[in-house]
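See below for the structure under consideration.
The values are calculated or read from the model by the stated rules, or taken from the named source; none is laboratory data. All values derive from a computational prediction rather than experimental measurement. Positions of Cβ are generated from backbone atoms using ideal geometry, with glycine treated the same way; all protein chains shown enter the neighbour counts. Areas reflect the complete protein model, heavy atoms only, side chains present, ligands, DNA and RNA absent. Shrake-Rupley method; radii C 1.70, N 1.55, O 1.52, S 1.80 Å.
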Amino acid sequence: MDLSIDADGELDAAKRISDIPAKVAVAQRRALGTLRRRWPVIARRDIQTEYALTAQRIRAGVSVRTTREGVELVGVARGVGLRNFASKRSADDRGLDFTAVRGRRGFTRSGFHRRHGGADIAFERTPVAGEKRVPRTPIRRLYGPSLAQMLRKGDRPERVGQAGLDVITAEIDRLLLRSLRT
């Protein structure tokens, strides 16, 4: 009586099981890469629901960086020029109408637009106090909130963070399922 046992199937199964930790590490790295690519888009869409700002301007001020602890979504702390929001000269030509937050209009009586350094910038004439006569009233540049402030506002950090976790979870699941099938 000949008895032969084919252990190739068991060896293949054992090899596939021993390869799982390496596949998990690769899936985690790839999922973080996917998060780095998708997270600014998630943040931009969330910011645009509240602020009247173009996608191009938000993309210019939001980035993702890798740190020792993980991945961070970073917004530029410098204020966004008021001209980047929906702003225009008032109809009666007496100031500057603007909408920084969707649904809320603002008005600056002494505001105006000028081209400066290749960009259209909003300025405001500052009042001069006292009896001093000034031939030209000083001006200052007008800013809205910074992208860092927009990212920190309200429950946006929790929403964007949860969306990031959802991206990582879905991507790891997809990658591991695909690698376990092969």
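The table for this structure:
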read-out	value
FRET E, pair Gln48, Thr137, Förster distance 25 Å, beta-carbon r, rounded to 0.05	0.10
Compactness of region 23-182 as Cα Rg over 2.2 N^0.38 Å, two decimals	1.44
Residue-span extension gain [Arg37 to Val71] - 0.36 nm each, minus C-alpha spacing	11.1 nm
Thr169/Arg29 FRET efficiency (R0 22 Å; Cβ-Cβ; nearest 0.05)	0.90
Mean accessible surface per residue for region 66-116, computed with a 1.4 Å probe while every protein chain stays in place, in Å²	67
Full-extension gain in nm, Asp92 to Ser146, via 0.36 nm per residue minus C-alpha separation	16.5 nm
